[in-house]
1. Limited to segment A:580-616, what total is found for residues that are open to solvent by less than 90 Å² (accessible area, probe 1.4 Å), at pLDDT below 80, part of a loop (DSSP other than H, G, I, E, B) and more than 10 Å from RNA strand B (Cβ to nearest atom)?
2. Residues in segment A:764-776: is at least one out of contact with any Cys (no Cβ under 9 Å at 6 or more places or on another chain) and within 16 Å of RNA strand B (Cβ to nearest atom)?
3. Which members of segment A:799-823 meet the condition of being closer than 14 Å to residue A:849 by Cβ and open to solvent by 40 Å² or more (accessible area, probe 1.4 Å)?
4. Can you find a residue that is of a type in the set (Gly, Ala, Ser) and open to solvent by less than 20 Å² (accessible area, probe 1.4 Å) anywhere in segment A:280-296?
5. From A:717, A:751, which residue is touching a residue at least 60 places away in the same chain (Cβ under 8 Å) and within 13 Å of RNA strand B (Cβ to nearest atom)?
6. Could you please find all residues in segment A:277-320 being among the hydroxyl-bearing types (Ser, Thr, Tyr), under 21 Å from residue A:171 (Cβ atoms) and either away from RNA strand B (no atom under 15 Å from the Cβ) or not in a loop (DSSP other than H, G, I, E, B) (or both)?
7. Hey, any hits in segment A:346-353 for a residue that's within 7 Å of RNA strand B (Cβ to nearest atom), in a loop (DSSP other than H, G, I, E, B) and among the small types (Gly, Ala, Ser)?
8. Which residues, taken from segment A:408-451, are more than 37 Å from the chain's Cα centre (by Cα), hydrophobic (A, V, I, L, M, F, W, C) and surrounded by 15 or more Cβ atoms within 10 Å (Cβ to Cβ)?
Amino acid sequence: MNKKPLKNIIDAMSKYPFNEIEKKWQKYWEENKTYKVTEDPSFPKDKRRYVLDMFPYPSGAGLHVGHPEGYTATDIYSRYLTMNGYNVLHPMGFDAFGLPAENYAIKTGTHPYTTTKKNIENFRRQLKSLGFSYDWDREISTCDEEYYHWTQWIFEKLYEKGLAYEANTPINWCPSCKTGLANEEVKEGRCERCGEKVEKKNIRQWILKITAYADRLLEDLDSLDWPESVKAMQRNWIGRSEGASVTFKIDGLDESLEVYTTRCDTLFGATYMVIAPEHRLVKELTTAEQKDAVEKYIEETKHKSDLERTDLAKDKTGVFSGSYAINPVNGKKIPIWIADYVLISYGTGAIMAVPAHDDRDWEFAKKFGLPIIEVLKSEVDVQTQAWTEDGIHVNSSWLDGLNKKDAIAKMLEWLEKNGCGHKAVNYKLRDWVFSRQRYWGEPIPLVHCPECGTVLVPEDELPLTLPEVEKYEPSGTGESPLVNVPSWVNCECPKCHGPAKRETNTMPQWAGSCWYYLRFIDPHNHDAFVDPEKEKYWMPVSLYVGGTEHAVLHLLYSRFWHNVLYDLGLVSTKEPFQKLVNQGMITSFAYQKKNKSLVPVDKVKEVEPGKFIEEDTGEEVNQVIAKMSKSLKNVINPDDFIKNYGADSVRMYEMFMGPLTESKPWATNGFMGVYRFLDRIWRIISERKIEDIEPSKDIDRLTHKTVKKVTEDTETLNFNTAISQMMVLVNEINKLEVVPKKTLETLALLLSPYTPHLAEEMWEMLGHNPSISKEKWPTYDASKCVDDEVEIVIQINGKLRSKIMMSHNCDKETLLSAAKNDEKAKTWLEGKTIVKEIVVPNKLVNIVVK
RNA sequence: GCCCAGGUGGUGGAAUGGUAGACACAAAGGACUUAAAAUCCUUUGGCCUUUUGGCCGUACGAGUUCGAGUCUCGUUCUGGGCACCA
């Protein structure tokens, strides 16, 4: 990709001493606690901001280029706010429980805490080397006892509120991670961490009743300034649906079958029913003749993985139970089938099947020869395909002639009057499987007592700390390694003081991140998870920046916990994160052959602009954008760039690449452009003649324009265009023999959120005391942003034909007559009749002719 | 299948309904240099034209408008999410 090795370019380039400058100012900031923030009461509420990053998991690989992207964005914004007179809370910490450290412990025997500590130190070093304005005194780690003390405490609040329950239900199980998973952690039937196929397993679990908050989690989304896509994902995930619950009597049995349907209007078309293989009535409904067939089928479905069961492409399977239900609207007997296309976990695990108007039911009916009755006038033959659109009801007795909406209303009324159904709401959202059968997580603070049942560990005994273990290996039987520590497991019941056993499951990684934003507010409080006054001082988070991968995980879980804390009166805001911004992914270039296979970057040569060939074969390859991966040799390590070009260049480039929210490829050549820009500034400040003179009118005007643009764009997080405006200004300054000091001061201030080290150095060189981060943001005079003369575009019939220079704020008549007298315009107007004239002051004249 | 984004030069990307391509990269040419690097200057959407200039051009096709990259409708492609949710 690069013809010349990068290293040679650097060595030869005139280089600004970023290394010394950056070290010098990082040391200064640290020693002077420049970014320490307190709950200073002199700032009124509207002059306080809480700017938060999604804290990282401290992996062994260190920072990825994606981290500095979001972190620089919030850092710029925080610094900008501070300079504009806000008190800004901008903290950083570590999401430190998690599987990699534990898996490493299994392999090497190293305690996960040791590994994690080491990784945190590396992360902290890297973060500090980027010059972020975090208040490091507030740093937290979720795996510290001091911290998880309060994670456990919040769990106890949830438990006391009845939102945590123990259940022995089939849950998602990852055979490779050897632990249960939450629904949110399963992507396309696979474990979101390791990609292994997820199985169903029946094990004892602690579950949090997130479904109790489904409606609130849905409704409150409207009040949030979040990307629509994330809101849409959460809405879809919660999946609220309105319909009806209908009860079917069973022929010859004193039992009934309840179903959930969104289409109760099609009840006259229900020709059979289906229950899930796990339905509680399976045994009872199976007749003697069908017993063998049913048992065989149930056995088969048990062995199917989730992925196999939900694979849409696969054929429908099922078996007749032998029993019949009575359709409440017409008294007809309809057969009850057992099939795994009905899920036990949604609705009642049973459905009424209307094959004429539902694709899945239609497919099943066709396969098993069940009747298909049209009940909505269809534009297709329902014997050959299902009609799922709206229509006028037919074959539906007293619903005939009504459309879908009216028929649903009328049917609901009928069902309620006749006591066989009612309006109902269902959600796709499932309760949160909260226990993990692993070591490296918060112990769930519960004790199982044979006398008293489940008992909470008393608050004054928290934190319940993780014991040392000999082996970190999960048992794989559905129990955590903690079961192997009898001295820890065997305990005294806090209630009756008899012998009891501790809960051995641990919490999922999401627990710690559910509330960390609250702990940053008061990280060293020994008596409470957060001081209420401080909480009121800072909350809610004004800006939260992070990747989109947590849309239905962390962001849903923490909203849930926050809602509960709000109900308990422990926090003052309904929602934790007022404004959310998703940074785009930083991708990389890769090269694709005709057969769509990708070629590693180091095997590709650019033969002419935009034309690439694979070196070995000479085959032409296309430049495409791909995720960074080791095999493609296109992974960018931010440490290398910080070392070779400085943190300011990395910060500036990541912001210059494109809009924060878009995904965009790393281009090292583009990076060099930004480096050159900073180098140019350095040469101006260190080599050019700088004098305390008034800037020329042109430079003054450009400076005001630049302040305006950088202010507006920083405010709205459009950092890329703010930077290009600064480049425009620097390019002009670079042409000057003598540079006015005033102009450079303004430039330093504008730069300071973006390239804080270079800006501090400039500020000092211009004769000021540090720190520039405490200075006031520059202001601009709108009247000084306008040019004396503006270019007026002359259009004839909307087509650009000429341009003229006119003085600013010319009146319409002057503009029009000037346009008409323009030589070029005249040739286009000759012999034509003017139909219409449009004049936009300071912009254009459009003359419509015939 | 459903729900969200999005499609602009060789590349990353700019454009309150008003000059499409700011800024940057890459490329070509030049200055400086013994030479190279760095730096500085010039050119750079396509086609036609000696110049002047003209025509075309923001995925495709319509529409609204004096004027559309931008608004509306349809099509198509790409990315992300969900998916037998009754």
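The values are calculated or read from the model by the stated rules, or taken from the named source; none is laboratory data. Predicted, not measured: the structure shown is a model, and the values here were computed from it. In this analysis, Cβ positions are derived from the backbone assuming ideal geometry, glycine residues included, and neighbour counts consider all displayed protein chains. When the accessible area is computed, the model is the full protein with side chains, heavy atoms only, and any ligands, DNA or RNA have been set aside. Shrake-Rupley method; radii C 1.70, N 1.55, O 1.52, S 1.80 Å.
1. Selection size over segment A:580-616: 2.
2. Taking segment A:764-776 first, the residues out of contact with any Cys (no Cβ under 9 Å at 6 or more places or on another chain) are A:764-776.
If we keep only those that are within 16 Å of RNA strand B (Cβ to nearest atom) as well, we get none.
Scanning segment A:764-776 turns up no residue that is out of contact with any Cys (no Cβ under 9 Å at 6 or more places or on another chain) and within 16 Å of RNA strand B (Cβ to nearest atom).
3. Scanning segment A:799-823 gives A:799, A:801, A:820.
4. Within segment A:280-296, the subset of a type in the set (Gly, Ala, Ser) is A:288, A:293.
Remaining after also requiring open to solvent by less than 20 Å² (accessible area, probe 1.4 Å): none.
No, segment A:280-296 contains no residue that is of a type in the set (Gly, Ala, Ser) and open to solvent by less than 20 Å² (accessible area, probe 1.4 Å).
5. Values: A:751 fails: within 13 Å of RNA strand B (Cβ to nearest atom).
A:717 is the lone residue from the list that is touching a residue at least 60 places away in the same chain (Cβ under 8 Å) and within 13 Å of RNA strand B (Cβ to nearest atom).
6. To start, the set of residues in segment A:277-320 that are among the hydroxyl-bearing types (Ser, Thr, Tyr) comprises A:286-287, A:297, A:301, A:305, A:310, A:317.
Remaining after also requiring under 21 Å from residue A:171 (Cβ atoms): A:301, A:305, A:310.
Matches in segment A:277-320: A:301, A:310.
7. Yes, segment A:346-353 has at least one match.
8. Kept after step one, since they are more than 37 Å from the chain's Cα centre (by Cα), are these residues of segment A:408-451: A:408-422, A:448-451.
Next cut, hydrophobic (A, V, I, L, M, F, W, C) only: A:408-409, A:411-412, A:414-415, A:420, A:449.
If the condition is that a residue be more than 37 Å from the chain's Cα centre (by Cα), hydrophobic (A, V, I, L, M, F, W, C) and surrounded by 15 or more Cβ atoms within 10 Å (Cβ to Cβ), then A:408, A:411, A:412, A:414, A:415, A:420, A:449 are the ones that fit.
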